[in-house]
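Here is the structure we will look at.
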Amino acid sequence: MAGISLDRDGAVAVLRFDRPEKLNSLTLAMYEELGAAFAEVRDDDSIAVAVLTGRGERAFCVGADLTESIPVLAEGRFDISEWDPAHQKHTRLFKPVLAAVNGLCLGGGFEIMLSTDLRIAADTAEFGLPESGVGVVPAGGTLTRLTRQIPYAWAMELMLQGDRITAAQALRYGLLNEVVPAEQLLDSALARAHRLAARSGTALATIKEAVLRLGDLPQDQAFHHEAHYGQQAFTSADAREGLRAFAERRPPDFPSRRTL
């Protein structure tokens with residue numbers, strides 16, 4: 001049945017848009033399922049990292065299903081804020097989320113990618129925000145996020161013109177961390193995810209939470225809160241173990257990872 005699937009690869013959760021026959025377009029139910037999947041990753045202590053990808057080779061996700069989701073929105077029968085958990089707005093998921101973009105990444109799929117922390121794409125992937133061409137806007141976080149993640153002129157070009165760009169262009173714009181051959185995509189994403197899972201869970205969560213919380217504060221206020229986050233990390237059990245392991249020239253056994 002089409003939906004969002006969640007599989008495990010050790011301490012890594014692999015989330016998939018699972019509707020390949022429809023280019024992984026999102027039904028209303030799938031938006032709800034994706035929000036629930038992110039919550040499961042957040043709350044399950046045996047999960048360290050999540051990888052988000054699409055089923056099949058043709059598409060990561062092409063956004064909302066134009067035959068269901070968009071008409072419901074256009075007729076005013078649905079509040080777009082109900083999609084906030086799927087778009088990771090106001091998120092409390094401070095574990096790393098990697099996007100493995102395996103094909104078309106358009107509209108809402110592009111927006112969900114923007115909510116992730118690291119992004120790897122197949123060299124065949126394409127990206128675009130076509131919303132303005134059908135009279136709507138990318139309001140799944142993109143109106144807020146995109147100009148904060150990449151230069152203004154490129155962000156506005158993507159949103160206003162709606163043209164597709166290649167994976168190589170997306171890498172140049174700063175939307176991606178890496179582009180790999182399509183057949184290597186999932187293995188590359190999982191390799192990164194498992195490297196992250198070996199690092200301090202306390203440190204990774206502190207970094208992500210601080211970055212998300214402090215980005216909009218005035219600099220002096222942000223520095224004050226940064227010191228709090230830093231002190232929290234430096235006095236943690238993970239820090240004590242990490243420094244002890246460094247001194248003893250051995251791999252750390254982080255307490256935050258002992259449930260994995």
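The values are calculated or read from the model by the stated rules, or taken from the named source; none is laboratory data. Note that this is a predicted model, so its numbers are computed, not measured. We place every Cβ from the backbone using ideal geometry, glycine too, and count neighbours over all the protein chains shown. Keep in mind that these areas ignore ligands, DNA and RNA; they rest on the heavy atoms of the full protein, side chains included. Shrake-Rupley method; radii C 1.70, N 1.55, O 1.52, S 1.80 Å.
General remarks:
- Cleavage-rule hits, trypsin sites (Lys or Arg not before Pro), the range 83-183, DSSP coil, Cβ neighbours within 10 Å at most 13: 92
- For the range 125-165 versus the range 66-97, the gap between their alpha-carbon centres in whole angstrom: 17
- Between 73, 28, 118, the Gaussian network model of the chain with springs among Cα atoms under 10 angstrom shows the greatest mean-square fluctuation at 73.
- On Cα atoms only, tilt of 152-161 relative to the major axis of the chain in degrees: 30
- Result for the chain in a Gaussian network model with C-alpha springs under 10 Å: among 121, 247, 239, the largest mean-square fluctuation is at 247.
- Accessible area per residue for the chain is 51 Å², calculated with a 1.4 Å probe on protein heavy atoms, without ligands, DNA or RNA.
- Against the main long axis of the alpha-carbon atoms of the chain, helix 201-214 sits at an angle near 50°.
- Space enclosed by the convex hull of the alpha-carbon atoms of the range 4-197, per residue, Å³: 104
- Two-decimal log10 I(q)/I(0) for the range 200-257, as the Debye equation yields it once each C-alpha is a single scatterer, q = 0.17, 0.27 Å⁻¹: -0.59, -1.01
- Ignoring lysines fewer than eight residues from residue 208 along the same chain, the ones with Cα atoms less than 30 angstrom from its Cα are 89, 95.
- Point-charge dipole on Cβ atoms (K/R +1, D/E -1) for the chain, about Cα centre, debye to 20: 840
- Here residue 240 and residue 191 are evaluated by their C-beta separation; at R0 = 22 Å the FRET efficiency comes out at 0.15.
- Integer Hz, Karplus 6.51/-1.76/1.60 couplings in order for the range 108-123, x for Gly and Pro: x, x, 4, 5, 5, 4, 5, 7, 8, 9, 10, 9, 10, 10, 5, 5
- Placed amide H near residue 99: partners under 5 Å, 5+ positions off or other chain: 52, 117, 118, 119, 120
- Derived scalar couplings ³J(HN,Hα) [the range 7-19; Karplus, 6.51 cos²θ - 1.76 cosθ + 1.60; whole Hz; x for Gly, Pro]: 10, 10, 10, x, 7, 9, 8, 10, 9, 10, 5, 10, 9
- Share of carbon and sulfur in the accessible heavy-atom surface of the range 4-197 [1.4 Å probe, %]: 51
- Within a Gaussian network of the chain (alpha carbon springs, distance under 10 Å), most fluctuating of 191, 205, 125: 191
- Value of [θ]222 nm, deg cm²/dmol, for the chain, DSSP H segments ≥ 4, -39500 (n - 2.57) each, nearest 500: -12500 deg cm²/dmol
- Once the Cα atoms are used to define both axes, helix 185-197 deviates from the longest principal axis of the chain by about 30 degrees.
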